[in-house]
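First comes the structure, then the notes that go with it.
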Amino acid sequence: MRSGDPWASSDPLGEALHFLRMSGSFYCRSELTPPWGLDLPPEPGSMWFHVVNAGRCWLDVDGDEPRQLQPGDFALVPHGEGHRLYSEPGTPTPRFDELEYDCGTERYAILRHDGGGGGTPTSLVCGTVRFGHPAARSLMALLPDAVIIDGASRSPSPEAEWMHSTLRLIAAEGRQLRPGGEAVITRLSDILVIQAIRAWIADHPAGHVGWLRALQDPRIGRAMSLVHRDPAKPWSVAALARETAMSRSAFAARFTELVGEPVMHYVTRWRMQVALDRLQQGDSSVGELAAHLGYESEAAFKRAFKRTVGITPGSVRRTPPEELLTSAADAGA
């Protein structure tokens with residue numbers, strides 16, 4: 001993080017959101033006439049989102065009551081779980097990835113379906129985004145099975161209007177595939193996901209407990225930000241306590257109370273999350289990571305990684321993605 005970065009210390013929660021490095025995986029614009037249904041299969045490591053441009057539909061995520069979505073609503077399914085969209089309860093739901101699309105690219109498709117029953121068509125923009133940074137994994141783990149931003153009922157505010165304007169831009173781009181349209185939808189969707197998460201944090205009690213509450217604490221949040229920005233620094237409880245103008249004992253007790261684990265456990269776990277992310281990307285060797293994260297030897301880094309994540313660094317690229325997700329969860333991601 002560069003010196004003077006406005007995200008650096010005044011807003012640790014904002015900095016955590018700033019770390020969300022998203023990459024679009026797939027986007028689809030759908031024009032659907034009732035009756036219709038879609039089964040969206042699990043996408044481990046991804047977040048599904050759905051924008052309702054016109055018409056209505058039902059969102060059914062396992063473990064939750066089905067929720068009707070209306071024009072302007074924005075829905076997130078943050079844990080990559082399989083779920084269903086349909087015009088009316090009881091409608092058959094074929095697998096989304098087995099349907100034929102009118103046209104599209106590798107990452108963008110258009111789906112048109114006429115169920116023959118008449119009625120008001122539903123227009124949707126759906127997509128998946130992936131998150132790489134460990135801050136994203138920590139945040140995603142705290143979200144519920146579905147986050148619904150109700151476009152009709154949110155009280156008037158600059159933030160709500162901004163979200164509605166973004167939704168309108170996505171709808172406009174989705175109505176016709178113009179040159180550069182895929183890139184525009186990708187960027188707008190990524191920003192909208194962050195806005196939706198911010199709205200959920202602000203509006204729900206669960207956004208003020210655990211890791212999120214710790215980030216919002218003026219002193220503990222600052223300490224966490226320091227670790228996030230510079231994991232290779234030789235942090236100690238005493239050093240972080242000095243940075244927060246607290247006594248060592250008071251800082252250690254409050255950190256454990258808010259974060260749910262001792263300071264140095266969190267520092268090590270964060271380093272290993274960063275390492276796991278970089279190993280998955282394939283752009284760093286084990287030796288480079290050891291040096292980058294402040295370890296005096298590659299052997300010491302390997303021991304810490306195996307102890308925290310449960311697998312060796314060298315086996316990350318040979319491990320199936322679903323097993324890596326389990327390892328990341330075990331590491332507290």
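Apply 1/(1 + (r/R0)^6) to the Cβ-Cβ distance of residue 65 and residue 203, taking R0 = 25 Å, and write down the FRET efficiency to the nearest 0.05.
0.85
For residue 283, what accessible surface area do you get with a 1.4 Å probe? Give it in Å², rounded to 10.
100 Å²
If I ignore ligands, DNA and RNA and count only protein heavy atoms, how much of residue 286 is accessible to a 1.4 Å probe, in Å² to the nearest 10?
In the full protein context, residue 286 sits at about 30 Å².
Mind grabbing the accessible area of residue 211 for me, 1.4 Å probe, Å², rounded to tens?
Accessible area, nearest 10 Å²: 30 Å².
For segment 202-296, run through the GluC sites (Glu not before Pro) and keep only the ones in DSSP coil with at most 15 other Cβ atoms within 10 Å of their Cβ.
Hits after loop and neighbour filter: 296.
From largest accessible area down, sort 201, 148; use a 1.4 Å probe on the protein chains.
Output order, biggest surface exposure first: 148, 201.
For the residue pair residue 56 and residue 283, what label-to-label distance in nm results when each label sits 7 Å from Cα along the Cα-to-beta-carbon direction?
According to this spin-label approximation, the distance is 4.6 nm.
The values are calculated or read from the model by the stated rules, or taken from the named source; none is laboratory data. Given the structure is predicted, the values throughout are model-derived calculations rather than measurements. So basically every Cβ, Gly included, is an ideal-geometry build from the backbone, and we count neighbours across all protein chains shown. Surface areas here come from the heavy atoms of the whole protein model, side chains and all, with no ligands, DNA or RNA. Shrake-Rupley method; radii C 1.70, N 1.55, O 1.52, S 1.80 Å.
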